[in-house]
Amino acid sequence: MTSTLGTPENPLRVAIIGAGPSAFYAAEHLLKQLGDGVKVDMFEHLPTPFGLVRGGVAPDHAKIKSVTRVYDRIASNPNYRFFGNVTYGKDISHDDLQKHYHAVIYAVGAQADRKLGIPGEDLPGNHPATEFVAWYNGHPDYRHLEFDLSQERVAVIGIGNVAMDVARILARTDEELRATDIADHALEALANSQVKEIYLLGRRGPVQAKFTPKELKEMGELAAADLIVDPRDLELDPHSQEYLETANDRDAQRNYELLQEFAQRPPSGKPKKIYLRFLTSPVEVLGTERVEGSTVVRNELYKRDDGSIRPRPTDEYETLPVGLVFRSIGYRGVPLPEVPFDDWYAVIPNEKGRVTQDGQQVIGEYAVGWIKRGPTGVIGTNKPCAQESVNMLLEDMQAGKVLAPENPDPAAVEALLRERGVRYVTYDDWRILDQLEVERGKAVGRPRVKFTSIEEMLAALDAHKA
């Protein structure tokens, strides 16, 4: 008779698709709860782990990236394995996972961007902020992109932290960027950038802004750019005023105080200017062959029946003479082969992390992170989210509601990938790449020089091992 599932004699086999924060928090919770009673295999499309911590966090925010030390510790567990450079749906299928694992956790994040839905949006020179961020962070899938930084004026649509990152990176000096791990190709392109004016446009008011006070304060302390805030934008409508006074939202209160300070500060004559504008929405991107400007409308705020404060357009329009536009109005999940997907919310449909189809639980499948709940929260938000999903999985294991794999032997997956000629990267391989990047950085006085192509990474591993 087989011993109980989830014991060292009969370990629970779990595949995690993706290797960002939510993937690592899911692995951590499984390993903590079951110890030697679980074997976790993490599959990642890139040879490198950490998802948006490596490919999305701004290079000048090194402190945030130090969270990878926690993930490193999780990966040191002997019951954990990393399979980098393995693409779900291409190198390993839904069917393969069912044959080898008791459960699958999808931790693929939200890789696409939301569109504005306005005329001219597809003109060359109008880009998703997500692509620019991936490009300057050296993501192999985006390194070949080009952005016309010969333009002097840029609009960044949205005022969340990603929009703030984009504006800040465009405004940084070459010297400031050299002190970071920004990709070499981006460092060179930004060193030759002609960008002088950046319009950061938020459709709602200063009280509804999504950035944090820390991000805002940093924007006012840039070496080569003045932050300009129009005092008119800080005149509050009654609903926002009431919210500020009664909601006990410390971030909104601090943001408003900082904005008032910036609005009173005269420009100091720095070479670049960042215009932080509220109550402003683009209604059209102008141009024939490429972006030549953008028409924007001034909004006013009103309170809906459900209590939310929303913007609506007035009849006040203006044209911004911008030659480059980045839209940063949110990320969207992307469907995976043979996995249920909700097109409206752009997530995998689920109940507390249990994947569902037409309201019924899909046995043995779970979601964590942005593909579970949508693109909200900070890195730390993924921890309780992952724990909730893993708790559902553990509950299902106790009830016998998991998959019955025909070949749960850990060696079988390695054999399968080798048979298919898939060159997978282990966590020890990643540690070598990590060390090589840091050494490359040391040689030129930078914290790290990233490998930005998969071929380059694999060649560096071969050379190191030879």
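Miscellaneous remarks
- Loop sites in segment 259-299: trypsin sites (Lys or Arg not before Pro), DSSP, at most 15 other Cβ within 10 Å: ARG290
- Correct choice for Cα extents along the principal axes in Å that was computed from the model, options (1) 63, 61, 50; (2) 77, 58, 40; (3) 70, 60, 41: (2)
- Additional length obtainable on full extension of the chain from HIS61 to LYS465, 0.36 nm per residue less Cα span: 142.2 nm
- Model label sites at THR319 and ASP230, defined 7 Å from Cα along the beta-carbon direction, differ in position by 1.7 nm.
- Segment 360-418: C-alpha gyration tensor shape, a/c 1.5 cut-off, then a/b vs b/c: oblate
- In this simple spin-label approximation, LYS401 and GLU456 carry label points 7 Å from Cα along the Cα→Cβ vector, and these lie 4.8 nm apart.
- Per residue Cα convex hull volume in Å³ - calculated over segment 390-458: 146
- Applying the Kirkwood pairwise sum to the alpha-carbon positions of segment 112-331 produces a hydrodynamic radius of 17.9 angstrom.
- Loop-located GluC sites (Glu not before Pro) in segment 115-213 (DSSP state other than H, G, I, E, B) with a sparse environment of at most 16 neighbouring Cβ atoms within 10 Å: GLU121, GLU146, GLU152.
- Segment VAL70-ASP342, extension gain: residue separation times 0.36 nm, minus the distance between their alpha carbons: 94.7 nm
- Structure-based [θ]222 nm, the chain - -39500 (n - 2.57) summed over DSSP H runs of at least 4, per residue, nearest 500: -10000 deg cm²/dmol
- Sites LEU416 and ASP358, calculated FRET efficiency, Cβ-Cβ separation with R0 25 Å, nearest 0.05: 0.20
- Residues of segment 399-428 falling in the label zone of ASP434, defined by backbone nitrogen less than 13 Å from a point 7 Å along Cα to beta-carbon, are 426-428.
- Low-density loop positions, GluC sites (Glu not before Pro), segment 1-101 - DSSP coil, at most 13 other Cβ in 10 Å: GLU9
- For segment 253-388, Kirkwood radius (reciprocal of mean inverse C-alpha pair distance, Å): 19.4
We did not get these values from a lab; they are worked out from the coordinates using the rules stated. Owing to the predicted nature of the structure, the values given are computational and were not obtained by experimental measurement. Every residue, glycine among them, receives a Cβ derived from its backbone with ideal geometry; neighbour counts consider all protein chains shown.
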